[in-house]
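What follows is a single structure, written as structure tokens, with notes after it.
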Amino acid sequence: MKEPNEEQWQELSTRILTDIREWRRSHPKATLAEIEEEVHRRMSQLEAQVIEDTAHTSAFQCWSGKPAHERPCCPICRTPLQTRGKHMRTLQAAGGHDITLKREYGTCPTCGTGLFPPG
Ligand SMILES: [Zn+2]
């Protein structure tokens, strides 16, 4: 099965690899350390994009409108959570990149606990 982001990832990686080749052409005297840094910096853009997209794929599994037994439960009293809509949440991923995820936020109708369910 083809992932929805596959083409974007292909495009991004092709663009990054092209950029690296161009950078190399305009920096023929770059040292190994400089090359290493440049390649790493550019590849980490792809890394951040892939992490963000992959995390989004699971976050898009909406649970509002699902029957109670399929909704995430309150960790305290096990009551199925009520959705409070989607909220943006910024997480810090490896390498110091900020990754913004759209998560469905839920609250417990019994004890009032609010949380972003895992996933
Ligand atoms: Zn609760």
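The values are calculated or read from the model by the stated rules, or taken from the named source; none is laboratory data. Because the structure is predicted, anything quoted here is derived from the model rather than measured. Cβ coordinates were reconstructed from backbone atoms using ideal geometry, including for glycine residues, and neighbour counts include every protein chain displayed.
Condition first: of a type in the set (Val, Ile, Thr) and closer than 28 Å to residue 48 by Cα. Now tell me which residues in the stretch 84-119 satisfy that.
If we filter the stretch 84-119 for residues that are of a type in the set (Val, Ile, Thr), which is where we start, we get 90, 99-100, 107, 110, 113.
Hits for the stretch 84-119 are 90, 99, 100.
Contact list please: Cβ distance under 6 Å, first residue in the stretch 64-87 and loosely packed, with under 11 Cβ neighbours inside 10 Å, second residue not polar (S, T, N, Q), pairs at least six apart or on different chains.
Close Cβ pairs satisfying both conditions: 68/80.
Can you tell me which residue in the stretch 69-119 is farthest from the chain's Cα centre (by Cα), limited to those that are within 16 Å of the ligand (Cβ to nearest atom) and of a type in the set (Ser, Thr, Tyr)?
For the stretch 69-119, the residue satisfying everything is 110.
For (1) at pLDDT 80 or above; (2) in contact with a His (Cβ under 9 Å, 6 or more places away or on another chain); (3) part of a loop (DSSP other than H, G, I, E, B); (4) assigned by TED's automatic domain parsing to the domain that holds residue 12, each residue gets a yes or a no:
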position: 38; (1), (2), (3), (4): yes, yes, no, yes
position: 47; (1), (2), (3), (4): yes, yes, no, yes
position: 56; (1), (2), (3), (4): no, no, no, yes
position: 69; (1), (2), (3), (4): no, no, no, no
position: 103; (1), (2), (3), (4): no, yes, no, no
position: 109; (1), (2), (3), (4): yes, no, yes, no
position: 112; (1), (2), (3), (4): yes, no, yes, no
